[in-house]
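Okay, structure first, notes after.
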Amino acid sequence: MSNQVAAVVVTYNRKAILCQCLAAIHGQTRRPDRIIIMDNGSADGTYEELAAQGLLTADTVFVRFPRTGAPPGPSGRA
């Protein structure tokens, strides 16, 4: 039995900070087995910037929620 490690990052219109965060995660001695990015409807080109910088690797899951203008509910969805 092996220990699995996941990193979950939540973002909304913070592509520069998110890129720094992912670069730091990728630089860890023990990289997570999976990186999950939860995007709450960013409109600043977050996904495109991550792709351009090569930060969307095979171990990365990008989940984009639609921005509804309502505050997130208990499920974390807007």
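Sorting 34-41, 19-26 by their mean Cβ neighbour count within 10 Å, with the most densely packed peptide first, gives 34-41, 19-26. Over every Cα atom in the stretch 6-64, the radius of gyration and the widest Cα-Cα span, Dmax, amount to 10.5, 33 Å. Per-residue Cβ neighbour counts within 10 Å put 57, 11, 46, 29 in the sequence 29, 57, 11, 46, beginning with the fewest.
Read-outs throughout are calculated quantities, based only on the coordinates presented, and are distinct from any laboratory measurement. Since this is a predicted model, take the numbers as computed values, not measurements. Quick reminder, even Gly has a Cβ in these numbers, built from the backbone with ideal geometry, and neighbours come from all protein chains shown.
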